[in-house]
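So the structure is just underneath, and the comments pick up after that.
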Ligand SMILES: NC(=O)c1ccc[n+]([C@@H]2O[C@H](COP(=O)([O-])OP(=O)(O)OC[C@H]3O[C@@H](n4cnc5c(N)ncnc54)[C@H](O)[C@@H]3O)[C@@H](O)[C@H]2O)c1
């Protein structure tokens with residue numbers, strides 16, 4: 001029986017999300033014309049029109065019929081509650097149990113790194129952030145609201161299963177990609193209950209990969225070391241909140257938010273791939289949005305669909321463009337969003 005083509009749900013989102021996803025789709029069509037792409041009208045406009053965020057029938061269709069979601073940024077000043085973003089993005093992460101948030105910190109052009117004397121061989125790290133637990137489960141509450149005695153509590157929810165699977169994912173990826181160092185980061189000196197679980201499970205899983213060096217750093221030390229000596233790191237695995245912060249630090253090490261890509265993954269199931277940046281209302285509609293994070297996101301998605309060679313081609317083409325200053329103004333170029341895509345497609349051949 002002939003294998004069917006991968007099916008991708010395309011959700012452009014809001015603001016520059018719409019602009020960069022359109023460019024990402026051009027690249028996908030160029031490199032993988034067999035992909036079946038279906039666009040979904042979800043985002044702030046739709047929410048303001050009819051109150052819809054992520055309808056149940058769409059949620060089921062994505063789960064049953066699609067291989068990946070290609071998502072632009074969500075966020076619009078007209079929706080101050082950001083409810084549509086929470087329900088589409090966080091809803092997908094939690095409801096599809098996309099427990100791996102995978103974010104590369106990969107410097108392509110040394111001139112874009114704010115660290116003195118560091119080049120691409122020094123900044124090449126894969127971060128595995130736990131994506132469904134920790135402090136992001138909204139477990140907690142508020143007592144005596146709007147009184148002088150108001151109390152707020154946010155629980156850090158961590159399960160052995162959740163910790164084990166993200167740590168294992170990091171080691172498996174390291175093993176499959178020829179990496180020899182995995183660093184786990186937590187705050188177990190201050191958060192003792194959650195920390196002891198991370199520490200214990202890390203030791204158990206690491207013992208199954210004796211050829212990989214397993215190390216540990218408190219997250220405050222990790223933040224310092226990422227700036228002082230990023231070359232120490234190949235693979236980092238950490239919890240939800242720490243991963244969120246550390247990967248944004250990483251985005252700057254690689255040249256800025258316009259170059260940061262991410263995947264939300266549960267191996268063997270539908271994945272959700274998105275550039276890390278927001279909808280940038282300050283530059284929306286002006287052709288200034290850098291689409292490179294979206295190209296790299298498309299590459300990550302293709303690799304996860306079993307086409308790693310296409311990701312390599314995208315990374316190399318983005319590298320060539322950056323070195324030639326063929327990029328948008330925030331990275332020192334003069335091209336518009338769609339001109340960057342034109343240049344990329346020419347480079348891809
Ligand atoms: N994953 C997501 O969907 C996501 C992530 C972050 C923020 N947001 C939402 O986006 C909206 C704006 O948030 P923000 O301003 O804090 O963050 P932002 O990432 O949208 O913008 C921060 C700064 O970076 C610039 N920038 C961002 N992406 C760029 C790109 N591709 N090319 C060039 N410059 C780029 C913007 O112009 C702005 O100056 C908010 O509604 C927020 O909730 C969504």
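Looking only at residues of segment 239-283 that are within 8 Å of the ligand (Cβ to nearest atom) and touching a strand residue (DSSP E or B) at 6+ places or on another chain (Cβ under 9 Å), we find that the one that is nearest to residue 94 (Cα to Cα) is 274. From 72, 117, grab the single residue that is closer than 22 Å to residue 331 by Cβ and in contact (Cβ under 8 Å) with a residue 12 or more places away in the chain. Checking each option against the conditions leaves just 72.
Would a scan of segment 81-90 turn up a residue that is within 16 Å of the chain's Cα centre (by Cα) and in the same structural domain as residue 231 (by TED's automatic domain parsing)? Taking every residue of segment 81-90 in turn, none turns out to be within 16 Å of the chain's Cα centre (by Cα) and in the same structural domain as residue 231 (by TED's automatic domain parsing).
Tally up the residues in segment 1-38 that are part of a loop (DSSP other than H, G, I, E, B) and either on the phi < 0 side of the Ramachandran plot or more than 15 Å from the ligand (Cβ to nearest atom) (or both), please.
12
Just one of (1) in the same structural domain as residue 7 (by TED's automatic domain parsing); (2) closer than 22 Å to residue 261 by Cα fails for residue 120. It is (1).
Evaluating residue 286 against the criteria (1) outside the structural domain of residue 115 (by TED's automatic domain parsing); (2) within 11 Å of the ligand (Cβ to nearest atom); (3) assigned to a helix (DSSP H, G or I) leaves one unmet condition, (3). Do you know which residues across segment 40-87 are surrounded by fewer than 19 Cβ atoms within 10 Å (Cβ to Cβ), within 13 Å of the ligand (Cβ to nearest atom) and under 18 Å from residue 284 (Cα atoms)? Across segment 40-87, the qualifying residues are 77, 78, 79, 80, 82. Across segment 88-104, the number of residues qualifying as modelled with pLDDT of 95 or more and buried (at least 16 other Cβ atoms within 10 Å of the Cβ) comes to 8.
The values are calculated or read from the model by the stated rules, or taken from the named source; none is laboratory data. Only a predicted model underlies this, so the values are computations on that prediction, with no experimental measurement involved. We place every Cβ from the backbone using ideal geometry, glycine too, and count neighbours over all the protein chains shown.
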